[in-house]
Amino acid sequence: MHFEVTSRCNARCDFCDYWKTDPSARERELKSFADAARHFRPMMITFTGGEPLLRRDLEAIVAEVDRAVPLTWMSVITHGGMLTVERAQSLWDAGIAQFCVSLDFLDERHDEARGIPGLAAKILRTVPELVARGMTVRFNTVIKRENVPEIMPIVHRAAAIGAGVNLSLYTDSKNGNRAHLLEADDLARVDALVADLLAFKRRNRGVISSSDWYISHIPDYLRGKLGGPCRAGETTIHIDPTGMVRRCPDFPPNKHWSEYSGYEPIDCNACYYACRGEAQAPLTISRFRDLAGSTRPAGETVEAAGP
């Protein structure tokens, strides 16, 4: 379950229009998501946005949900620009079990893409401090045309600092920006990347949380060979800041969560988000190890030959 606690954002990503949200939207944001959590009792909850850390009451929201469904595993997705050690600690104490920090480059290219100067350096400075405090952190990395060569360096950096990586493919379904889409002439590079990712996972379990199934089917998706309908709205549920249900984050809301009666699988191939692919991935013992996250101490050597 995704709780989109706000549609406001202070980044300026060209593939997303959340930053254009009218500031007055905050007046319509739910003060509590506990009733929805209690109603659905999901296995996993992700607090997302917009930028969820814009909610000054996020700790109270998380703590209330944690009390409502105490056995549910909870994470938060953030661009990281507002993530400090102190804020992370307060959210961790409230019930967050994992921080997912967006990171598509290790240098200023990430700052430019997000419209936040110094962002990559801040993330790479802050994350090791969180890991040192025993918090679980993963980079949410979107595979785009321009960053295919940067994916493995990101994976190696995550491993070196005791963090992890969640992977997802870029889609233009948020606002129609096709500039970052992988094209036919990228397929050979993607095939090589997939082979490198799977080889890394065989040697270093717990760093890449994306399942072998998801990673291995990336080329199939790009070649239009991924079979089966999308089960968004069935295995995953997205609730927007006003309490309305979306089939997935890129679909319009159409009913209040209290009126949700399920969605039928849909013949949609617009994306290969992790939330779609991982819902279709079979549960295996290795999959549970992936989800459990890395227990490797920060600074421990991983694949000395890597970047």
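The values are calculated or read from the model by the stated rules, or taken from the named source; none is laboratory data. Given the structure is predicted, the values throughout are model-derived calculations rather than measurements. All Cβ positions, even for glycine, are placed from backbone atoms using ideal geometry, and neighbour counts span all protein chains on display.
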Criterion (surrounded by 16 or more Cβ atoms within 10 Å (Cβ to Cβ), more than 23 Å from Pro42 (Cβ to Cβ), modelled with pLDDT of 90 or more and not aromatic (Phe, Trp, Tyr)) met by exactly one of Ala160, Ala179, Ala199 | Ala160
Could you count how many residues in the range 142-182 are part of a loop (DSSP other than H, G, I, E, B) and closer than 19 Å to Tyr214 by Cα?
-> 5
Does Met82 satisfy the condition of being surrounded by fewer than 23 Cβ atoms within 10 Å (Cβ to Cβ), out of contact with any Leu (no Cβ under 7 Å at 6 or more places or on another chain) and in a loop (DSSP other than H, G, I, E, B)?
-> no
The range 88-127, residues that are among the hydroxyl-bearing types (Ser, Thr, Tyr), in contact with a strand residue (DSSP E or B) (Cβ under 9 Å, 6 or more places away or on another chain) and in a helix (DSSP H, G or I) | Thr126
Return yes or no: is Ala88 out of contact with any His (no Cβ under 7 Å at 6 or more places or on another chain) and among the aliphatic types (A, V, I, L, M)?
-> yes
Any residue in the range 112-119 that is over 27 Å from Met152 (Cα atoms) and at pLDDT 95 or above?
-> no
Just one of (1) of a type outside the set (Phe, Trp, Tyr); (2) part of a helix (DSSP H, G or I); (3) buried (at least 22 other Cβ atoms within 10 Å of the Cβ); (4) touching a residue at least 60 places away in the same chain (Cβ under 8 Å) trips up Leu130, so point out which.
-> (4)
Any idea which residue in the range 16-42 is nearest to Ala68 (Cα to Cα), counting only those that are in contact with a strand residue (DSSP E or B) (Cβ under 7 Å, 6 or more places away or on another chain) and among the aliphatic types (A, V, I, L, M)?
-> Ala37
Write out, first by first residue and then by second, each pair whose Cβ atoms fall under 8 Å of each other, whose residues are 6+ apart or on separate chains, and whose first residue, in the range 186-198, is β-branched (Val, Ile, Thr) while the second is not in a helix (DSSP H, G or I).
-> Val190/Ile143; Val190/Leu182
